[in-house]
Amino acid sequence: MASTSTQSERDFWLIDSGASFHMTPHREWFSEYEKYNGNVFLGDDSPKKIMEHGRVKLLLNDGRIRTLPGVLHIPGLARNLIFVSKMANAGVKIVSEKDRCKMIRGAMVLMRGVQYGTLYKLLGKTITGDCNNTVVPESSDEENNVPEVSGGEAMLWHQRLGHIGEKGLQSLQGKSMVEGMSKCNSDFDFCEHYLYGKQNRVKFPSGATRAKEILELIHSDVFDPVPVPSLGGAIYYFSFIDDFSRNTSLYFLKKKLEVFSKFKEYRALVENQTGKKIKVLRSNNGGEFCEKEFEKFYKECGIAR
């Protein structure tokens, strides 16, 4: 790191892979800070005292405001540095594109930089004092006087064009395929609908084993009371599903106290009709299935759970 710099170089941020922390010499830039004792060593092995660490707010060229946490205040430092590895540890990916770079987390572009010598310069500036996350008009681009689409306008085009991606939006602008769209090299903000549209439902894994014969495994459950009783006064229903045949039986109950008697009724019916025995009863282990009389009946009949 050079020991001297111009005044303008002290006013912008450099994105540096060789730094160890986010650092700045400007005490007045911090929106939040606390005392910190320690030292850092620069590229020439000279030590620098760390006075404080805290948060700095950045106004990006697209008008959005980002907060940079974990910034060290080091008086006498020549430049303001954003540490690449610290961003990567927070789940931010750095992508370089020709003479530009961008910092991405998930599908969202957080910040951008432009090449400055062997490093990248952040496209934005530091703000001090109270601020909010409204879109602020950006300054003109010194390297290109073509007007740019602001973050809010880019989002509007993104929505108009069926939630098109950032690269597609830039491609349309570059080929002048959309009337009324000016230069668009900024990203749009987080779009919830776009993310939901890209998601797909993951399949549930298939069961490892299935029953190989009737009554080998019975699934059972008692469903919560319904608000309107049946004509017979029942408000619960008790289900039995055979895992092999998928045959389903329902019993309607007025009270949960009837669960045990209905189970015995179901068991007697199916075992008499099929000539087979219920081997396993699978339930959610609700209180009605764990009564003492139920536990005793399981053991007497050799039914596993």
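The values are calculated or read from the model by the stated rules, or taken from the named source; none is laboratory data. Fair warning: this is a prediction, and the values are worked out from it, not measured in the lab. We place every Cβ from the backbone using ideal geometry, glycine too, and count neighbours over all the protein chains shown.
What the table shows:
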| item | result |
| --- | --- |
| Among (1) surrounded by 14 or more Cβ atoms within 10 Å (Cβ to Cβ); (2) closer than 21 Å to E291 by Cβ - the single one D242 does not satisfy | (2) |
| Hits in the stretch 121-138 - residues which are modelled with pLDDT of 80 or more and either surrounded by fewer than 14 Cβ atoms within 10 Å (Cβ to Cβ) or charged (D, E, K, R) (or both) | K121, K125 |
| Qualifying residues in the stretch 207-220 (those that are touching a strand residue (DSSP E or B) at 6+ places or on another chain (Cβ under 8 Å) and either loosely packed, with under 15 Cβ neighbours inside 10 Å or hydrophobic (A, V, I, L, M, F, W, C) (or both)) - the one farthest from S261 (Cα to Cα) | A211 |
| Tally of residues being farther than 19 Å from V222 by Cα and in contact with a strand residue (DSSP E or B) (Cβ under 7 Å, 6 or more places away or on another chain) across the stretch 252-305 | 1 |
| Subset of the stretch 46-83 that is over 10 Å from H22 (Cβ atoms) and among the polar types (S, T, N, Q) - its residue that is modelled with the lowest pLDDT | S46 |
| Residue, surrounded by the fewest Cβ atoms within 10 Å (Cβ to Cβ), within the stretch 98-120, restricted to residues that are within 21 Å of H163 (Cβ to Cβ) and hydrophobic (A, V, I, L, M, F, W, C) | A107 |
| Condition met for V270 (aliphatic (A, V, I, L, M), touching a residue at least 60 places away in the same chain (Cβ under 8 Å), touching an Asp or Glu at 6+ places or on another chain (Cβ under 9 Å) and surrounded by 14 or more Cβ atoms within 10 Å (Cβ to Cβ)) | no |
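For (1) without any contact (Cβ under 8 Å) to a residue 12 or more places away in the chain; (2) farther than 17 Å from S283 by Cα; (3) outside any loop (DSSP other than H, G, I, E, B), each residue gets a yes or a no:
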| site | (1), (2), (3) |
| --- | --- |
| G197 | no, yes, yes |
| R201 | yes, yes, no |
| S206 | yes, yes, no |
| A211 | no, no, no |
| S220 | no, no, yes |
| P225 | yes, yes, no |
| V228 | yes, yes, no |
| Y237 | no, no, yes |
| I241 | no, no, yes |
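Yes or no, residue by residue, for (1) at pLDDT below 75; (2) in contact with a strand residue (DSSP E or B) (Cβ under 7 Å, 6 or more places away or on another chain); (3) in the same structural domain as C290 (by TED's automatic domain parsing):
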| site | (1), (2), (3) |
| --- | --- |
| P147 | yes, yes, no |
| G152 | yes, no, no |
| G162 | no, no, no |
| Q173 | no, yes, no |
| G180 | yes, no, no |
| F188 | yes, no, no |
| F204 | yes, no, no |
| P225 | no, yes, yes |
| S230 | no, yes, yes |
